[in-house]
1. Mind ranking 8-18, 72-82, 39-49, 23-33 by how tightly packed they are, going by the mean number of other C-beta atoms within 10 angstrom, highest first?
2. Compute the helix-to-body angle for 2-12: its Cα long axis versus the longest principal axis of the chain, expressed 0 to 90° and rounded to tens.
3. How far is helix 43-67 tilted, in degrees, relative to the longest principal axis of the Cα atoms in the chain, given as a value from 0 to 90 rounded to the nearest 10?
4. Tell me the mean residue ellipticity at 222 nm calculated for the chain from its helices only (DSSP H runs of n ≥ 4, each -39500 (n - 2.57), averaged over every residue, nearest 500).
5. Just to be sure I understand the model, the point goes 7 Å from the Cα along the line to the Cβ. What's the resulting residue 87 to residue 5 distance in nm?
6. As a test of understanding, state the convex hull volume per residue of the chain from its alpha carbons, in Å³.
7. Taking Cα atoms, how many degrees apart are the long axis of helix 72-82 and the longest axis of the chain, rounded to 10 and kept between 0 and 90?
């Protein structure tokens, strides 16, 4: 059960990035610029699509945070707020030896 909640903690550390990605994906899936799927499919399709996007973000967040300290939007927000450039990439184990 702890492993399940760990995935949520990774996603929580990238909340702003995940929120922005959900909006960008929804824009291209539903608007006239993209696939134009707004109000054209049954409701179960939208529900399944939301679950798929959410699960993808769970796994992508874990992968991303294994390589970087922050999500891209969180890093930018933090750097602008504190007016300093924070370390973004985690050191590779092979690089530190």
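1. Packing proxy ranking, top to bottom: 8-18, 72-82, 23-33, 39-49.
2. The angle comes out near 90 degrees.
3. Roughly 10 degrees between the two axes.
4. -22000 deg cm²/dmol
5. Going by the 7 Å Cα→Cβ label model, 2.9 nm.
6. 140 Å³
7. Helix 72-82 and the main axis of the chain meet at about 50 degrees.
Taken together, the values in this text are just the output of simple stated rules run on the coordinates, not laboratory data. Not measured: the values here are computed from a predicted model. Here the Cβ is made from the backbone with ideal geometry for all residues, glycine too, and neighbour counts use every protein chain on show.
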